[in-house]
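This report concerns only the one structure given below.
The values are calculated or read from the model by the stated rules, or taken from the named source; none is laboratory data. Source: prediction; values computed, not measured. Because the Cβ atoms are built from the backbone with ideal geometry, glycine has one as well, and the counts that use them run over all protein chains shown.
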Amino acid sequence: MKLNIGISEKNLKNTAGLLATVLAGEMTLYTKTRKAHWNVTGESFMELHKLYENHYKQLEEAIDEIAERIGKLGQKTIGTMTEFLQLSRIKEHPGKYGSTKDTIKELLTDHETVIVQLRKDVDESVKNKDAGTADFLTGLMEKHETIAWILRRYLN
C-alpha cells in the first residue's frame, strides 16, 4: 500500500537511502566496538570491557531503530554484510589489534566521523521534508556525541 504521509515518493526514497548509509555505518561501528570489547586487556580491563559493552548495546538499539525508520517510510531495509560494507562511511581494519589507547582513538575517530555526517544527514532530511527523520537523526547524533565525549576523556 502506498504511503500518504506528506512526503513525496522521491523524498521517501532519498531519505531511505540516506538511512541505509547511516545503518551501514552503525553496523560497522557496532562490529568494531564488539571487537574492542572482546580484545581489551590491561589494567583497565574490566572498566573498558563494561564501557565497550555499554556502547555496543547503544549501537545495537540504534541499528534496530534505524531499520524500523526505513520501514516506516515504506522502504526495504538492507541486511547483508556486503551491503553494509559497501555503504559504510566507517572503515574496518582487519587483522589490526592496536594498543588500548590506539583502540580508543580509532573508536573516537569513528564516532566523530558519524557525528559530522549525521549533521549533514539532518540537513538533507529537512530538504526531503522529513522532520521525523531529521529529529531522529539529531537524537542519534547526540548519543554519538556523548560516546565521543566519554572516549575523549580517556585520552586527556
Is there any pair linking a residue in region 30-51 that is more than 22 Å from LYS143 (Cα to Cα) to one that is among the charged types (D, E, K, R) and surrounded by fewer than 19 Cβ atoms within 10 Å (Cβ to Cβ), with Cβ under 6 Å and at least six apart or on different chains, and which?
none
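Taking into account only those residues within region 121-156 that are under 16 Å from the mean Cα position of the chain (by Cα) and among the small types (Gly, Ala, Ser), which is farthest from ASN54 (Cα to Cα)?
The first filter runs over region 121-156 and keeps only residues under 16 Å from the mean Cα position of the chain (by Cα), leaving 121-122, 133-149, 151.
Imposing the further condition that a residue be among the small types (Gly, Ala, Ser) reduces the set to 134, 139, 148.
Values: ALA134: 25, GLY139: 17, ALA148: 13 Å.
It comes out as ALA134.
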Number of positions in region 41-64 that are surrounded by 14 or more Cβ atoms within 10 Å (Cβ to Cβ), under 14 Å from the mean Cα position of the chain (by Cα) and either not in a helix (DSSP H, G or I) or not hydroxyl-bearing (Ser, Thr, Tyr) (or both)
6
Top-ranked residue in region 1-40 [being small (Gly, Ala, Ser) and at pLDDT 95 or above; ranked as surrounded by the fewest Cβ atoms within 10 Å (Cβ to Cβ)]
GLY17
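Among the residues of region 106-113, is any among the polar types (S, T, N, Q), in a helix (DSSP H, G or I) and within 17 Å of THR28 (Cβ to Cβ)?
For region 106-113, residues among the polar types (S, T, N, Q), in a helix (DSSP H, G or I) and within 17 Å of THR28 (Cβ to Cβ): present.
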Residues (within 18 Å of HIS49 (Cα to Cα), free of Cβ contacts under 8 Å to residues at least 24 places away in the same chain and among the charged types (D, E, K, R)) located in region 82-120
ASP102
Check region 68-81 and report whether any residue there is within 21 Å of ASP135 (Cβ to Cβ), touching a residue at least 40 places away in the same chain (Cβ under 8 Å) and of a type in the set (A, V, I, L, M).
yes
Take the residues of region 1-40 that are farther than 15 Å from ILE90 by Cα and among the charged types (D, E, K, R): which is nearest to the chain's Cα centre (by Cα)?
LYS13
Going by what's in this entry, would LYS120 be described as in a loop (DSSP other than H, G, I, E, B) and closer than 22 Å to ALA16 by Cβ?
no
Quick check on region 65-90: of everything there that is of a type in the set (A, V, I, L, M) and in a helix (DSSP H, G or I), which residue is nearest to the chain's Cα centre (by Cα)?
ILE66
Taking the stated definitions as given, is ASP135 out of contact with any Phe, Trp or Tyr (no Cβ under 9 Å at 6 or more places or on another chain) and surrounded by 17 or more Cβ atoms within 10 Å (Cβ to Cβ)?
no
